[in-house]
Amino acid sequence: MRVTLIHNPGAGRQGKDDAAKLVKLLESFDHDVRYYSSKEDDWKRGLKKPADLMAVAGGDGTVGKVTRRMAGRGVPIGVLPSGTANNLARTLGILGRPFEELVRAWEEDPRRLKLDLGIAAGPWGERYFVEGVGAGVFANVLANPAGSKAKKGGAPVENALRRLQDVAMHSEPLELKAILDGEDISGEYLMLEALNLAYIGPNLHLAHDSHPGDGEFDLVLITEAERDRLLYYLEHWQDNRERLALLPTKRGRRLQLEWTGFPLHIDDKLKPTPNSRPKEIAGLMEARMDGEAVEFLVPAHAAAAGTRPAQR
């Protein structure tokens, strides 16, 4: 099988020496491997080369970059999770599995899991999203990463959690004008998140009813009334990463939001950007599901998040 491998040598504990090990592993299963480092400029051109499988070794950032560019290509993706949070790998049910098992499964009766790609459209144009789109607590942390508490030298996931706790405790609700599938849901929110994955940020299990590939996203709506519940969840997250947040959610396909320039994240990208022009930081923002999707190859017995994962 022709395999294009996109590898982030800086993800998690990965290093440059791991590139040769990964190529050797894939070749040991008789795959014809074409290697690209995500740190080099030519990896995007590598996605256009003929391939039977796109393999990605890295964290959510690297997997997300590749996934967004594979929309409509008809080439499945195989993930070798080696990042910090690995939210997509958790959603697919493959986190913690040996790489040998994952690679073997690509040819030996793999399970094909479909994952929707959302579209975030606004004054900046259109962009696919994999994890989610939102305003409030998460976006505020991205907008001011140095302004909230973090333990020097601490683990990245735990530090991100501390920053979220600090922002969740002190943030003022944001007045938002929003419509979900024709229903007016305008109000004051500490956090509004349209989530495409079961997990987001530092492994927060916010989308408890998420079903990858069902054509809808989970919209998490947290008002002042739920602040204490959110803080309790964040404080007890380390007791059990699979703990459900059980915060108010709705299901939908199209979210319209009047954006006035407040911090807004699309996956790990923040809007507005520092160099945005005035006309690019206000207007109607829309997050929608239009039927675009990609397929991931996982072991047949992998348990994806949700009780009825979509298959082909």
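The values are calculated or read from the model by the stated rules, or taken from the named source; none is laboratory data. What you are looking at is a predicted structure, and each value in this text was computed from that prediction instead of being measured. Note that we place each Cβ from the backbone using ideal geometry, even for glycine, and neighbour counts take in every protein chain shown.
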Hey, can you tell me all the residues within segment 174-200 that are touching a Gly at 6+ places or on another chain (Cβ under 8 Å) and surrounded by fewer than 19 Cβ atoms within 10 Å (Cβ to Cβ)? Glu175, Asp181
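When you check Ile185 against the structure, is it touching a strand residue (DSSP E or B) at 6+ places or on another chain (Cβ under 8 Å), hydrophobic (A, V, I, L, M, F, W, C) and at pLDDT below 90, yes or no? Walk me through how you get there before you give the answer.
On the way: touching a strand residue (DSSP E or B) at 6+ places or on another chain (Cβ under 8 Å): yes; hydrophobic (A, V, I, L, M, F, W, C): yes; at pLDDT below 90: no.
When the stated conditions are applied, Ile185 does not pass them.
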Do we have Asp52 as more than 19 Å from Leu92 (Cβ to Cβ) and either at pLDDT 95 or above or not assigned by TED's automatic domain parsing to the domain that holds Val79 (or both) here? yes
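Quick test for you: out of Asn159, Asn144, Asn87, pick the one residue that is of a type outside the set (Ser, Thr, Tyr), surrounded by 23 or more Cβ atoms within 10 Å (Cβ to Cβ) and modelled with pLDDT under 95.
Of Asn159, Asn144, Asn87, the one residue that is of a type outside the set (Ser, Thr, Tyr), surrounded by 23 or more Cβ atoms within 10 Å (Cβ to Cβ) and modelled with pLDDT under 95 is Asn87.
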If you check Leu231 against the conditions, is it of a type outside the set (Ser, Thr, Tyr) and either in the same structural domain as Ala85 (by TED's automatic domain parsing) or buried (at least 20 other Cβ atoms within 10 Å of the Cβ) (or both)? no
Report those helices (runs of 4 or more DSSP H) wholly inside segment 43-140 carrying at least 1 residues which are within 30 Å of Tyr189 (Cα to Cα), free of Cβ contacts under 8 Å to residues at least 40 places away in the same chain and of a type in the set (Gly, Ala, Ser). 87-92
Of the criteria (1) without any contact (Cβ under 8 Å) to a residue 60 or more places away in the chain; (2) part of a strand (DSSP E or B); (3) in contact with a Leu (Cβ under 6 Å, 6 or more places away or on another chain), which one Leu255 fails: (1)
Can you find a residue in segment 263-276 that is touching a residue at least 40 places away in the same chain (Cβ under 8 Å), small (Gly, Ala, Ser) and part of a loop (DSSP other than H, G, I, E, B)? yes
What pairs come up if the first residue lies in segment 220-235 and is closer than 27 Å to Arg254 by Cα and among the aromatic types (Phe, Trp, Tyr), the second is at pLDDT 90 or above and in a helix (DSSP H, G or I), and their beta carbons are under 8 Å apart, counting only those six or more places apart or on different chains? none
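The rows are residues; the columns are (1) over 24 Å from Arg127 (Cβ atoms); (2) among the aromatic types (Phe, Trp, Tyr); (3) surrounded by 14 or more Cβ atoms within 10 Å (Cβ to Cβ).
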site: Arg2; (1), (2), (3): yes, no, no
site: Asp17; (1), (2), (3): yes, no, no
site: Phe29; (1), (2), (3): yes, yes, yes
site: Lys44; (1), (2), (3): no, no, yes
site: Leu53; (1), (2), (3): yes, no, yes
site: Val56; (1), (2), (3): no, no, yes
site: Arg68; (1), (2), (3): no, no, yes
site: Val75; (1), (2), (3): no, no, yes
site: Leu80; (1), (2), (3): yes, no, yes
In segment 209-226, which residues are touching a Leu at 6+ places or on another chain (Cβ under 7 Å) and surrounded by fewer than 17 Cβ atoms within 10 Å (Cβ to Cβ)? Thr223, Glu224
Index of the failed condition, Ala198 passing every other in (1) on the phi < 0 side of the Ramachandran plot; (2) out of contact with any helix residue (DSSP H, G or I) (no Cβ under 6 Å at 6 or more places or on another chain); (3) modelled with pLDDT under 95; (4) among the small types (Gly, Ala, Ser): (2)
